[in-house]
Structures are given as C-alpha cells and as structure tokens.
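So the structure is just underneath, and the comments pick up after that.
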There are 4 protein chains.
Amino acid sequence: MLEMPVQNKSLRELERLTNRRKAVWEHLLATNALLTTVQRGEVTKKLYAIYMLQTYHYTLHNSRNQALVGVRAIEENGQYLKYCFEHASEEVGHEQMAIKDVVSLGISREHLEIPDPLPETEIFIAYVYWISATGNPVRRLGYSFWAESAYDFVNPLIEKAREMLGLKKSQMTFLVSHAMIDEDHAKDVMEMLRKVCRTEKDWEDVERVMETTLSLAGNMFEAIYREHQQLVEGKPSPYSYLNRLL
Amino acid sequence: MLEMPVQNKSLRELERLTNRRKAVWEHLLATNALLTTVQRGEVTKKLYAIYMLQTYHYTLHNSRNQALVGVRAIEENGQYLKYCFEHASEEVGHEQMAIKDVVSLGISREHLEIPDPLPETEIFIAYVYWISATGNPVRRLGYSFWAESAYDFVNPLIEKAREMLGLKKSQMTFLVSHAMIDEDHAKDVMEMLRKVCRTEKDWEDVERVMETTLSLAGNMFEAIYREHQQLVEGKPSPYSYLNRLL
Amino acid sequence: MLEMPVQNKSLRELERLTNRRKAVWEHLLATNALLTTVQRGEVTKKLYAIYMLQTYHYTLHNSRNQALVGVRAIEENGQYLKYCFEHASEEVGHEQMAIKDVVSLGISREHLEIPDPLPETEIFIAYVYWISATGNPVRRLGYSFWAESAYDFVNPLIEKAREMLGLKKSQMTFLVSHAMIDEDHAKDVMEMLRKVCRTEKDWEDVERVMETTLSLAGNMFEAIYREHQQLVEGKPSPYSYLNRLL
Amino acid sequence: MLEMPVQNKSLRELERLTNRRKAVWEHLLATNALLTTVQRGEVTKKLYAIYMLQTYHYTLHNSRNQALVGVRAIEENGQYLKYCFEHASEEVGHEQMAIKDVVSLGISREHLEIPDPLPETEIFIAYVYWISATGNPVRRLGYSFWAESAYDFVNPLIEKAREMLGLKKSQMTFLVSHAMIDEDHAKDVMEMLRKVCRTEKDWEDVERVMETTLSLAGNMFEAIYREHQQLVEGKPSPYSYLNRLL
C-alpha cells in the first residue's frame, strides 16, 4: 500500500554501500600484508617511498579518467558531467605531491628515479580507465566512494607511519592534505550517487566497482610489501636504488 | 644586444593573432551568405531555428572535446590541464540553451525534431575533436580564441536578428548569455595562451586552428543559409517540418 | 501486393549511389582547379610533389581509421568486422609508396621534407576519423565506395600527368598500383554494402559520407593547387624548398 | 671480441620467455583451484558453462584490442601493423563458438542468459585493453605468446573435461578448434617477436605482460571455481539459472 519514496530508497542503498565499504576495509586492515605491517609500526622510509611512487603512478591518471567519464557519457541533465569535469580539475597535479613527499624523505630530485609502475599498480590503473571509458558511466562513483573517504580508515596508519618515520605533517602533503580535501569530496560523491543512481542496476554497478577497485588497491598494497621485501633481502628490484639513498 | 623579453614576445604574438582574427571576421562579415543576410535584416524564424539547431549540435560536443585535451595531454605543470577541465565544466549543458531558444520561437518540445547535423556542421565537429585529440595540445586554444570573443563581432547581428524576430533578450539565452559568460572566458584564453605557448611552433599551431575552425564555422553558416533556401523554395529538407510550425 | 525483394532493393540503392558518385566526379572534373589544370596538361613536378605529400598524409591514416570501425562497432555477425580488419591490413604501408614517388621525381630522401598537412588535408583526415569512430559504423563504406574506384574517373588525368612529367609507370607506384589493387577492393565494397545496409537510413548515411568525403577531397585538391600557385609566385610556403630541388 | 649476433640474442630471449611461460603454467596447473579440479576430473556442466561464458566475454574483445594496437602504434616498417590487423581479422567472431558450446550442453538459445562478466573477467579484459592502448605497442605480443600456445598445457584438461561431460569434439568448438588454429598463430607470434623486439626493454615489456595476463587469467579461473561453488551451495549467483537448466 505504502510505496517507499525514492528518497528513502537511495538513502537505504547508500547505507548498504557504506556498510559494505566498512566491511571491506576492515577485512583489508586485518589481513593485508602492507596494512598490518604499518599498524605494527614496521614502517621504513623505503617502504613508504615505494608506496608513494605507486601513488604517484595511479594518481597521475585520476583526473584524466575522471574527465573521461564526462567525455564519453551520454547524460541528459548535465549535472553528472559537470561533476566529472569539476572533480577532474580538482585532482590535477596531485601526483606532484607524491613526488614532493618522496623528496621530503631525503632524496634529491636529481637522484629520484621513477621505475615503471608495479604490475598490480598498472592493473589498478587499467581497471579504473576501463570502468571510466565503458559501461554504466555512474559506476566510477564506486571508486570515488571509497577513495575520497579512505582517511576515515587509514588515518591511524598515517599517524603511525608519520611517527615511525619522524616526519612533520608538512612533509606528508599527499596523505595529510588529502585527508582534508577529501572530506568535501566524499560529501559530493554521496550527493551525486543519490542524484544519478536511478535503478537497482545503477547501485549494483557502483557497488561492484567499489569492491573491485578497493580489492585491486589491496593487491597493490600487497605488491608494495613484497617489493620492499625484495629490497630487504637484497634481491634484484627496480627500486634497489633506494637502498643506496635511504 | 637587447634580447626581446619573453613577456613582450608573447604579447606581440597575441597582438598578431588578434589582428588576424579581426581580418578573418571582417572577411566573413563581408562575404558570408548567412552573415550578410542577417546584416541586411533578412532574418526569418526558420533561418534562426536552423542556425540554433546546428548550434545545438556542435555545442553538445564543446565541453567533451575541451576535456579530451586534458585527458590526453602530457603536461607537466598541470595549469593547462586544470584550465581544460574547468572550462569543460563551464560549457556543460549549454546546448540546452539552444533548444530552449528554438522552443521560444513557438515550437513545443513535443513537435521539436532535431535532424542530423548538416554535413558542414559535422565537419566542424569532426575537426574540433581531431585537434583536441591529436597533435599539439595547446592548439585547441585557437578555437577558443575566436569562439569566446565572437560577440565582439556578431553583436550587431544578434541585435538585428532580435529586432526582426521580435524576441526579448530572455528568449535568446544562448546568444545573449554567451556574450556575457564569454567575456571572462576570452580573458582566460589570452592568459592561458601566454602561459602555454612557449615556441614559435606553438603560436603557429594556434593560429592555424583559429583560422581553420573559423573558416569551417563560416562554411557551416553558408550551409545554414542554403538549407533555409531549400525551405523557402519548397525543396526537400530534413528541416521542412519548420514550414508547418513557424 | 508485390513486395520488392530485399535483393532488388539493395541493387537499386547501389545503382543510385553509383549514379550519384558519377555526378559528383563529373562536377569535380569540370570545376576543380587542380583537376582541370591536370586535364589541360599543366602539370609540374612541384604540383605533383605537393599532391603526393598530401596523399602521404591522409594515406597514413587510412588503415588506422578503417580498423577503428571494427574496434568500436557493435556488430553481431562479424562479417563487417572481418572486412574492416582485412581491409585495414591491406592498406598498411601504402603511404610509403607516396614517399617513394616523390623521391622518383629526383629528390633524395635526405632532402625530402614533409611539412604538416595542409589545413584542407587535415580536415579530410579529421572527418574520416570522425565517421569511423562515431555514428553508424557502415557509413565509412561511403568513403571506400568512391576512393576504391577513383581510377575509373582519374585514369586519364594520371596518364596525362605521367606524360607531362616524363615518368615511367614504375615511378608512379601509388597511383598506378592503386588502380589495380583497388579494382578488387571496389568489388568488396559493393558486396559489403549489400550485406550491411539493411535500412534506408543506412543507405542515406553511406551516401552522405560519400558526398562529404569526396567534396572534402575536392577541397584538398583546390588547396594543393593554391599552394602550388604560392610557389610559382614566390610567396612563402612550407613547400618552397621544392623550388630549390625540382 | 666476438659480439653476439642479433639473431642469437633474440633466440636466447625467446628461449628465456618460453621457459618462463612453462614455469608459470606449471605453477598454475599445480595450484589453481579450477585447473586442479579439472585435472581431478571434477568437471560439471555448470562449471564448464560458467567457464565458457567468461570465455565469451573476453574473446569478444580480443579482435578489437588486437586491432587497437595497430590503430595507435607508430610503426615505421608496417610489418607489425599488418600483423595486428590480420590477426584481429582472424579472431573475429570466435566468441560465438563459446556460445555455441554452451548451447551444446543442452541449453537452448532462448534460455541462455549471459550475465555481466565476473569482476576477475572484467579485470582481465581491462588490462588487455590497457596494454593494447598504451605503452610499448609490442607488449601485447606477451599476451598472445601464452594465449596462442595454451593448448600445449591445457590439452589434457580439455580431454579430461570432454570425457567427464560426455561431449564429442564437434561440441567443443572453441577449445578444440582453437587448439588447431592457434598452432599457426603461435608460430606467427614467435616470428613477430623476433622482428619487433629490438631492445632489452622490449623483451622485458613482453615478459611482464605475459606474466601479468597469465596471472590475471589464473585469477579468472579461480573466480569461475568460486562462482561454481556458490551454485553448488545454493547461494545467490547470476549463474543460478544454470541450476534449473543443467
């Protein structure tokens, strides 16, 4: 008799999505080799540098693939397109913060080498482009949904890392400044989700991309951990130059 | 002995570009079938409707191809990328103004048909995508350079059309509002040109795109004029439905 | 009572297309500055070189944009996709013939400069990409329909040019060999048109692309003629190096 | 004193690549949940159907992303481009074999549902597009290098599956016919690798893509196994319709 108003439906879906995000993060925080290592305080400058160099690689593409959604989407009211381009513009150049933060560790720009992304980083990049370039255009919001609010979950890890590495907040521009920028972005994402998700399929597509991208990010974290192990064990690695510099 | 400072060089190039733009516009205003017709006050609702429907078609792509420059450009300082995405976001949805203005002529939305773009309109769209997607990324500024300041040249024509058609300013949202929005945009374009054009080749590429896009727009105007002639002469045209409605 | 069988319908459409192609060619042959000049036997090595360098530019893209149709088309039976990729593979490297033919005029490869395409050449390239990348995928056949059978119309011009320039057939690899290769291709195009054009809109889209690309090729020819005039009159041109070499 | 001739170098690299491929396959055959299950003869029609539907999904893209390499590569001698387009043309329509094989299990085409690809299938597709569209164009050969010779490793599994499912060879068109087609393709890939890999970086890029794509295929196999488990355990799955039909 009483139909659930649309408004309530989207609130309910958003809540479900939020719960699911929490569950995936909690799983990652409990099991991911990199994340558990950081929680135990076993952070080295080398580990942080490898992490920041992967961050550089995928961040370089974030504004581009965000804009790509708007370039290819067929969207009538234009609101989502506007969001895509505006958000893209706000992400421009953030990869430079990652470089700056590696330099802050004590590596001069001349000595800084940026090896190709790790395979897991490239897989992450490839998938984000794919979901930006094809399929349901709203689904890229599933990536933003966790990425723009990651700090709720990883702030303790950032704090732990900062302490162990003896860095000031001003030396961790990528992580610290994102924690603040992203608070607004996270609200925008939720608002946009409520506006553009009209069908159950929309919400499913968003959830799937949220889970898949977060899981691929987890794989990237694992790969960073393994690459660091390579360095520690003196095995060949494109990052072994860090052994000399840090 | 005295080297010309970079600042002066870019001012000089900008001046040259400005003069060239003026010359091309003056040539168009003196020779283009559509533009001379409007100047003589021979504007009909049908002519204006065909023009607005072409405007709808190419405007629909402006934000997309503008963003595309940022998606594919390899640009280090990020300033130009930011400009591309911001400008793209400001252009979103402008094609709806064109539709609204056709409706203002007295065609209800249900009866409004939007035929495929005229070949000359599609050529214009194709070329703007091409220069956005390939070659020197700065060259798309050559399109913006004349498009964002077109009102300096066509305002008398807009005024003449408004008078002949008996329209209020509020019924010509595309043309009238753009005249205002674009004043700021035109300044942005000039500032951006001075920042991103570093070599003589950059300026040449921009000039070439300015001339080619303006000339293709001229061809589109001619095609609009010819299509209107088809209507007047009762020849077959995808726009002949306008004969019934206006 | 009697329905026109599909077979007959497509034959009739093909005939109409063939007649239209003939009409456009005849118009071009009668009015185009380059084509009438060649018919009068006023061919110079410089004119031919500028023509061949434009041919190089657009031919470089032909296999690519042909393949692009297959990359983006959603086609169920696969026959058209197969055609696109096979035809693309046959077009690979043809631009090298154009270069070889310029060298045959007596310009060594070291001295050969390839300026940017003329604007009209770039417009032609841009439009062919556009119709390959967007809209009805079958419409690119409208380009192939005239391009693969051009020799029926331009053979007398090729013969005239060969005579005036004192070249052997083996020195005109692009034009002479294409005349032969393309005979088969032209049959393939007709067969494919009959298979993939199912609706009236399909045939219209093909016809429109045939007319538009042929008309843009005509514009390119005119531009080649004008550029040659620039050389003759000693005006600045990116091709003025030909004055020294030929 | 004696420099290793190029010929020998490429033979050595090819051998190294071949050994590496063998090692990765042996690891997969020993540890992958799907592959070990099949080896134990625990194949069901449902498992095979889910596998074939994933095969359908990624095979649909193989000709397209193969052609894409040629569309975007800047390659001077054209041999590799020709290979890309020819190989693309040979892959067209192979996804239809996968559908046919599912139908052979006893599902009529009307009842056949094709759910979205599993996330791991989509990640695989996304990565193959990414390496086809960006970076070193030769690297896609790393995918072909294992994919076109997979039958050397999986033939016993195909044979086992065929036996368990009671199928004739003619009912397994995708797997059986590929085993034959691909023998030639595998030779082509090796020949092409020797022609286009000129630097150590080329060989590294190829190896990396070989390892990453094979590992992502392994992940897809694991996901197929897990999805089948869902069915068996009666948990919700987009493939649960197979419970009714098989």
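Under 15 Å from the Cβ of C:Ala223, count the other residues' Cβ atoms, weight Lys and Arg +1, Asp and Glu -1, and hand me the total. Walk me through the numbers before you get to the answer.
On the way: positive: B:Arg208, C:Lys46, C:Arg226, C:Lys235; negative: B:Glu211, C:Asp116, C:Glu120, C:Glu122, C:Glu222, C:Glu227.
That sum, taken over residues with Cβ under 15 Å, equals -2.
For the range C:1-98, what does the accessible surface come to per residue with a 1.4 Å probe? Please give it in Å².
46 Å²
Answer rounded, prolate or oblate for the range A:122-210, using the Cα gyration tensor with square roots of eigenvalues a ≥ b ≥ c: rounded when a/c is under 1.5, else prolate when a/b is larger than b/c, else oblate.
Because a/c hits 1.5 or more and a/b exceeds b/c, the range A:122-210 counts as prolate.
Mind checking B:77-87 for the average number of partner chain beta-carbons within 10 Å of each residue's beta-carbon?
Values: counts 3, 8, 2, 1, 8, 7, 2, 6, 14, 6, 2.
Per residue, the number of nearby Cβ atoms from other chains is 5 on average.
Using the Karplus curve 6.51 cos²θ - 1.76 cosθ + 1.60 with θ = phi - 60°, work out ³J(HN,Hα) for each residue of the range B:178-187 in order, rounded to whole Hz, and write x for Gly and Pro.
So the J values, rounded to whole Hz, are 4, 4, 7, 3, 6, 4, 5, 4, 4, 5.
Go ahead and estimate [θ] at 222 nm for chain A from helices alone: -39,500 (n - 2.57) per DSSP H run with n ≥ 4, summed, over the residue count, rounded to 500.
Rounded to the nearest 500, the figure is -24000 deg cm²/dmol.
For B:Met172, what is the net charge nearby, where nearby means another residue's Cβ is under 9 Å from its Cβ and Lys, Arg count +1, Asp, Glu -1?
+2
Rounded, prolate or oblate: which fits chain A, taking a ≥ b ≥ c as square roots of the Cα gyration tensor eigenvalues, rounded meaning a/c under 1.5, else prolate when a/b beats b/c?
Cα axes put chain A in the prolate bin.
Name the trypsin sites (Lys or Arg not before Pro) in the range A:146-203 that are in a loop by DSSP and that have at most 12 other C-beta atoms within 10 Å, would you?
Here the sparse-neighbourhood loop sites are A:Lys168, A:Arg198.
Of all trypsin sites (Lys or Arg not before Pro) in the range C:1-82, which ones are in loop regions per DSSP and have a Cβ with at most 10 other Cβ atoms within 10 Å? Show your work: numbers first, answer last.
Values: sites: C:Lys9, C:Arg12, C:Arg16, C:Arg20, C:Arg21, C:Lys22, C:Arg40, C:Lys45, C:Lys46, C:Arg64, C:Arg72, C:Lys82; in loops: C:Arg40.
Those that pass, being in a loop and sparsely packed, are C:Arg40.
What average number of partner chain Cβ atoms lie no more than 10 Å from the Cβ of the residues making up D:88-100?
4
Ordering B:Met190, D:Met164 by how much accessible area each has at a 1.4 Å probe, largest first, what is the list?
Numbers: B:Met190 70, D:Met164 95 Å².
Most to least solvent-accessible, the answer reads D:Met164, B:Met190.
Hey, got the dipole for the protein assembly as shown? About the Cα centre, +1 on K and R Cβ, -1 on D and E Cβ, debye to the nearest 20? Mind showing how you got there, number by number?
Details: 116 positive and 140 negative charges, 1 e Å.
So the magnitude is around 0 debye.
For the range C:160-238, which GluC sites (Glu not before Pro) are in a loop by DSSP, counting at most 14 other Cβ atoms within 10 Å?
Sites meeting the loop and neighbour criteria: C:Glu233.
Heads up, I need the accessible area for A:Ser170: 1.4 angstrom probe, whole protein in place, Å², nearest 10.
Answer for A:Ser170: close to 80 Å² accessible.
Taking A:Pro156 in one copy and the same position in all the others, each labelled 7 Å out along Cα→Cβ, what are the pairwise distances from the first, in nm, shortest first?
From this label point to the equivalent ones elsewhere in the assembly: 4.9, 7.4, 8.8 nm.
Calculate the mean, over all residues of peptide A:60-66, of how many other protein chain Cβ atoms lie within 10 angstrom of the residue's Cβ.
Across the residues of A:60-66, the mean count of other-chain Cβ atoms within 10 Å is 3.
Tell me the distances, shortest first, between B:Asn77 and the same position across the other copies, using label points 7 Å along Cα→Cβ, in nm to one decimal.
Values, ascending and in nm: 3.9, 4.2, 5.7.
Defining the label point at 7 Å along Cα→Cβ, can you sort the distances from A:Thr134 to the same site in each other copy, shortest first, in nm?
1.6, 2.1, 2.4
Of all accessible surface on the protein assembly as shown at a 1.4 Å probe, what whole percent is carbon and sulfur?
Solvent-exposed carbon and sulfur of the protein assembly as shown make up 54 percent of the total.
Could you rank A:Asp205, A:Asp152 by how accessible they are, 1.4 Å probe, largest area first?
Per-residue accessible area, sorted high to low, gives A:Asp152, A:Asp205.
Setting aside same-chain residues fewer than 8 positions from C:Lys45, which lysines have a Cα under 17 Å from its Cα?
Partners found: C:Lys100, C:Lys160, C:Lys168, C:Lys169.
Taking springs between alpha-carbon atoms closer than 10 angstrom, which of A:Leu216, A:Leu141, A:Leu11 fluctuates most in the Gaussian network model of chain A?
A:Leu11
Mind checking the per residue accessible area of the range C:104-228 for me, 1.4 Å probe, whole number of Å²?
40 Å²
Any idea what the dipole of the range B:79-128 comes to, in debye rounded to 20, about its Cα centre with Lys/Arg Cβ at +1 and Asp/Glu Cβ at -1?
Computed charge dipole of the range B:79-128: roughly 180 debye.
Step through the table entries A:Lys195/B:Lys82; C:Lys9/C:Lys201; B:Lys22/B:Lys195, compare each Cα-Cα distance with 18 Å, and write down the pairs that go over it.
Working: A:Lys195/B:Lys82 25 Å; C:Lys9/C:Lys201 13 Å; B:Lys22/B:Lys195 23 Å.
Where the Cα-Cα span goes over 18 Å, the pairs concerned are A:Lys195/B:Lys82; B:Lys22/B:Lys195.
Please report the residue of chain D with the smallest beta-carbon distance to the D-to-A rotation axis, and give that distance in Å, no decimals.
Smallest Cβ distance to the axis, with its residue: D:Ala126, 2.
Mind checking how much accessible area B and C bury in total, 1.4 Å probe, in Å² rounded to 100? Don't skip to the end; give the middle numbers.
Details: alone 12240 and 12260 Å², together 23000 Å².
Counting both chains, the buried surface is close to 1500 Å².
Does the range A:1-139 come out rounded, prolate or oblate by the C-alpha gyration tensor, with a ≥ b ≥ c the root eigenvalues, rounded set by a/c under 1.5 and, if not, prolate when a/b is larger than b/c and oblate if not?
oblate
The values are calculated or read from the model by the stated rules, or taken from the named source; none is laboratory data. Since this is a predicted model, take the numbers as computed values, not measurements. Note that each Cβ is placed from the backbone with ideal geometry, even for glycine, and that neighbours are counted across all protein chains shown. Note: areas computed on protein heavy atoms with side chains; ligands, DNA, RNA excluded. Shrake-Rupley method; radii C 1.70, N 1.55, O 1.52, S 1.80 Å.
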